[in-house]
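Any read-out appearing in this document is the output of simple, stated calculations on the displayed coordinates, not a laboratory observation. Note that this is a predicted model, so its numbers are computed, not measured. Backbone-built Cβ (ideal geometry, glycine too); neighbour counts: all protein chains shown.
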């Protein structure tokens with residue numbers, strides 16, 4: 001093995017220094033790039049933060065606008081409901097006012113009802129509890145005919161009245177009243193399908209005809225239901 005000379009050692013040191021300088025230069029370039037990257041990311045984060053804050057403000061404003069619009073809508077809807085309610089009550093009152101002297105309407109069918117009551121006729125039990133309530137009540141010596149009046153007659157009204165007639169029949173039996181209970185329904189508007197349904201159930205139907213009221217024509221095979 002040959003001995004290391006001073007020149008060899010000097011060259012080795014020079015190469016080492018050159019390599020270190022290159023490494024330092026590369027590190028400097030890398031650090032510069034990282035600094036620029038970090039600066040760019042900081043700017044992006046700042047912009048993102050600004051965008052987030054703006055989005056948050058936009059959301060809060062949108063939420064505020066929604067709540068205000070919701071309150072305004074609810075107020076307008078409430079006013080509309082009140083107006084519709086007043087119109088409905090007014091129309092219902094007009095319909096009930098039209099359906100008067102109903103007993104005479106049944107004369108053409110051979111009935112005579114000398115007694116007629118109108119407006120919230122109640123049937124009470126021994127404890128004064130309301131068992132049933134009807135709009136009209138026609139009576140004679142052998143028949144009691146409760147009548148339900150609606151602005152627009154629906155099938156549900158017919159079914160409810162049939163249930164009511166059963167209650168009134170039981171009430172009469174307890175009162176030792178042996179008269180037959182027949183039923184009728186009436187409406188300012190009576191759809192044809194509801195008219196036919198009520199008649200199939202054995203009820204008479206009173207309908208508006210122009211400015212008057214009459215008992216609707218009954219089918220040939222019609223037989224009134226008795227309770």
Query raised in the report: Can residue 149 be described as touching a residue at least 40 places away in the same chain (Cβ under 8 Å), under 14 Å from residue 105 (Cβ atoms) and within 34 Å of the chain's Cα centre (by Cα)?
Result: yes
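Kindly indicate which of 164, 128 is touching a strand residue (DSSP E or B) at 6+ places or on another chain (Cβ under 8 Å) and either surrounded by 13 or more Cβ atoms within 10 Å (Cβ to Cβ) or over 23 Å from residue 216 (Cβ atoms) (or both).
Numbers: 128 fails: touching a strand residue (DSSP E or B) at 6+ places or on another chain (Cβ under 8 Å).
Exactly one residue qualifies, and that residue is 164.
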